[in-house]
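The values are calculated or read from the model by the stated rules, or taken from the named source; none is laboratory data. Computed from a prediction, not measured in an experiment: that's the story for all the values here. Cβ placement follows ideal geometry from the backbone for every residue including glycine, while neighbour counts extend to all protein chains displayed.
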Amino acid sequence: MVQHSYSKHQKIRVLKRWKEPHGLTLRDFARREKIGKSCISRWIRNEANPVAIKRRGAVHPELEKELARWVLEERSVGLKVCDSHIRETALEIAKRDDLAEFRASVGWLVNFKKRHKLN
């Protein structure tokens, strides 16, 4: 199945149809709706909030704000900022701010660049 994004209203309509008597297993119901079984299963679990937030924001927003500003300043004077330099600078800021638990992992970097639109 192709991954799709579903609106709140679409989720609610599917959940209503699921509650109606249909005699289908979740698997067959999902096939009929052309939606992944795991999506519907997750919607059933989160029925109280059908628009459950998938992605959380930054854990350390102040660090990211400062780092994003730094990246943009470096770029504005024509310097290229590589990923390793971004990670090193993030770790320096974290150390300065006593954020011992912060890890500038590759996954964090990818999400940081998405959050701040730094491609």
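Step by step: first the residues of region 107-119, then only those that are hydrophobic (A, V, I, L, M, F, W, C) and surrounded by 15 or more Cβ atoms within 10 Å (Cβ to Cβ), then the one that is farthest from HIS60 (Cα to Cα). Which residue is that? If you could, list the steps in order and put the result at the bottom.
Step one: list which residues in region 107-119 are hydrophobic (A, V, I, L, M, F, W, C), which gives 108-110, 112, 118.
The next check asks that each one be surrounded by 15 or more Cβ atoms within 10 Å (Cβ to Cβ); those that pass are 108-109, 112, 118.
On the way: TRP108: 11, LEU109: 13, PHE112: 10, LEU118: 17 Å.
The qualifying residue farthest from HIS60 (Cα to Cα) is LEU118.
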**Asked** Of the residues in region 69-106, how many are surrounded by fewer than 11 Cβ atoms within 10 Å (Cβ to Cβ) and either at positive phi or in contact with a helix residue (DSSP H, G or I) (Cβ under 7 Å, 6 or more places away or on another chain) (or both)?
**Response** 2
**Item:** Failed item in (1) of a type in the set (Gly, Ala, Ser); (2) surrounded by 13 or more Cβ atoms within 10 Å (Cβ to Cβ); (3) in contact (Cβ under 8 Å) with a residue 40 or more places away in the chain, with GLY36 passing the rest
**Value:** (3)
**Complete:** For region 18-30, pairs from a residue that is under 18 Å from GLU47 (Cβ atoms) and assigned by TED's automatic domain parsing to the domain that holds SER41 to a residue that is hydroxyl-bearing (Ser, Thr, Tyr) and surrounded by 10 or more Cβ atoms within 10 Å (Cβ to Cβ), with Cβ under 8 Å and 6 or more apart or across chains, are LEU26/SER41
**Request:** Would you check if there is a residue in region 48-61 being modelled with pLDDT of 85 or more, under 30 Å from PHE102 (Cα atoms) and not hydrophobic (A, V, I, L, M, F, W, C)?
**Result:** yes
**Message:** Residue pairs, Cβ under 6 Å, 6 or more apart or interchain, first in region 72-91 and at pLDDT 95 or above, second among the hydrophobic types (A, V, I, L, M, F, W, C). List them.
**Reply:** GLU74/VAL81; VAL81/VAL71; ASP83/LEU109; ARG87/ALA104; ARG87/LEU109; ALA90/LEU67; ALA90/ALA104; LEU91/ALA104
